[in-house]
Amino acid sequence: MTEEPVPTLYDWAGGTEAFERLTEAFYRTVVKDDLIGPLFAHMDPDHPKYVAMWLSEVFGGPDRYTQERGGYPNMLRHHLGKAITEPQRRRWVNLLMDAADEVGLPDDPEFRAAFAGYVEWGTRLARHNSQPDATPPLEAPVPHWGWGVAPPYQP
């Protein structure tokens, strides 16, 4: 008897199509939100697709964000100087989790715990990196999130 390999979070979620549905639903809500909408007032119309590419890569899918969009350094540039507040970060998290429910991402505890873990970690990092006095590393790999916990990043 051979054991089945553990699927990536990307595969478990439903692949690229699932993350594109997620980000489309999410950003439809974001742009209308009083608290975080202003942060996205001038976003590129393809922004939801780019975020889907990022999330897909983070959760074990193809490295399209790295190959086509510049990886971590490009993602970092989108946050520098934005001065994201804690209430804005929390709203982003809540709206993304609502969108995950809306589009039917898997709701089993294991997937949602891993998904929520990345969302919490990533948004806290984005908030920290967005502050005027932040000095984040300008080069780092795209994180690869799995079913377990991530160790601290040490450049």
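The values are calculated or read from the model by the stated rules, or taken from the named source; none is laboratory data. Everything quoted here is computed from the prediction, not taken from an experiment. With ideal geometry, Cβ positions are generated from the backbone for all residues, glycine too; neighbour counts draw on all protein chains shown. All accessible areas refer to the heavy atoms of the entire protein, side chains included, with ligands and DNA or RNA removed. Shrake-Rupley method; radii C 1.70, N 1.55, O 1.52, S 1.80 Å.
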Looking only at the range 18-42, count how many residues are touching a Pro at 6+ places or on another chain (Cβ under 6 Å) and open to solvent by less than 20 Å² (accessible area, probe 1.4 Å). 2
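Tell me, which helices (runs of 4 or more DSSP H) wholly within the range 1-85 include 1 or more residues that are touching a residue at least 24 places away in the same chain (Cβ under 8 Å) and under 20 Å from ASP98 (Cβ atoms)? Steps first, answer last, please.
On the way: elements: 9-13, 15-30, 47-58, 71-77.
Once the helices (runs of 4 or more DSSP H) in the range 1-85 are filtered for at least 1 residues that are touching a residue at least 24 places away in the same chain (Cβ under 8 Å) and under 20 Å from ASP98 (Cβ atoms), what remains is 9-13, 15-30, 47-58.
Based on what the data block shows, is PRO143 more than 12 Å from the chain's Cα centre (by Cα) and either open to solvent by 50 Å² or more (accessible area, probe 1.4 Å) or in contact (Cβ under 8 Å) with a residue 24 or more places away in the chain (or both)?
Details: more than 12 Å from the chain's Cα centre (by Cα): no; either open to solvent by 50 Å² or more (accessible area, probe 1.4 Å) or in contact (Cβ under 8 Å) with a residue 24 or more places away in the chain (or both): yes.
In short, no.
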Would you confirm whether or not the range 43-58 contains a residue that is modelled with pLDDT of 95 or more, on the phi > 0 side of the Ramachandran plot and open to solvent by 40 Å² or more (accessible area, probe 1.4 Å)? no
Open to solvent by 60 Å² or more (accessible area, probe 1.4 Å) and touching a residue at least 12 places away in the same chain (Cβ under 8 Å): which single residue out of PRO137, PRO132, PRO109 fits that description? PRO132
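Assess whether ALA116 counts as being hydrophobic (A, V, I, L, M, F, W, C) and out of contact with any Asp or Glu (no Cβ under 9 Å at 6 or more places or on another chain). Give the derivation first.
Numbers: hydrophobic (A, V, I, L, M, F, W, C): yes; out of contact with any Asp or Glu (no Cβ under 9 Å at 6 or more places or on another chain): yes.
So ALA116 passes the test.
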With the requirement that a residue be surrounded by 14 or more Cβ atoms within 10 Å (Cβ to Cβ) and charged (D, E, K, R), what does the range 112-123 give you? ARG112
If a residue must be open to solvent by 50 Å² or more (accessible area, probe 1.4 Å) and not β-branched (Val, Ile, Thr), how many such residues does the range 60-89 contain? 13
For the range 90-105, name all the residues that are surrounded by 15 or more Cβ atoms within 10 Å (Cβ to Cβ) and outside any helix (DSSP H, G or I). LEU105
